[in-house]
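Encoded as structure tokens, the structure appears first; notes follow it.
The values are calculated or read from the model by the stated rules, or taken from the named source; none is laboratory data. Treat the numbers as computed from the prediction; the structure is a model and nothing was measured. All Cβ positions, even for glycine, are placed from backbone atoms using ideal geometry, and neighbour counts span all protein chains on display. The accessibility values were calculated without ligands, DNA or RNA, using every heavy atom of the protein model including side chains. Shrake-Rupley method; radii C 1.70, N 1.55, O 1.52, S 1.80 Å.
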Amino acid sequence: MEAFEILKIAANALNAKKARELNAVKISELTVLTEYFLIATATSSTHVRALADEAEEKLAEAGVHPHHIEGRATGWIVLDYGSVIIHVFSRDQREFYALDKMWSDGEAVPLDTIITEPEGD
């Protein structure tokens, strides 16, 4: 599956579960690590896990599985899909690690063009 499609599915999954400060950055011109970072903030440790689980579930339904997952018991879960790396943070962890600032030279991806409103909203 193309990286942008993975990004789209994950962004919609996180949005549907009420992720805060959802941000996507295309970094393929800056590093060989990945094409996109998708970054989200959760409101609690339970919400961190719920967001990560939802993204993983929706991508699995599309036939895409992570290469690796880190941080299941922390305030920062990373789901590595190769071309897309999803970061789900607690507020404190997001502020401390400041990935948005660190990768600010990347190309911002306007999520309003790829997120569809959840059914019933």
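The table for this structure:
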item: For the chain, share of DSSP beta bridges that run antiparallel, in % to the nearest 5; result: 70 percent
item: GNM top mover of ALA98, ALA50, ALA13 - the chain, alpha-carbon springs below 10 Å; result: ALA98
item: Mean separation of Cα contacts under 8 Å (6+ apart) over length of the chain, as relative contact order %; result: 32 percent
item: Rounded to the nearest 20 debye, dipole of the chain from Cβ charges on Lys, Arg, Asp, Glu; result: 380 debye
item: Probe 1.4 Å - accessible area at MET102, Å² to nearest ten; result: 120 Å²
item: Prolate/oblate/rounded call for the chain, Cα gyration tensor, a/c under 1.5 rounded; result: rounded
item: Choice from LYS101, LYS17, LYS26 showing the highest fluctuation, given a GNM over the chain with Cα pairs closer than 10 Å; result: LYS101
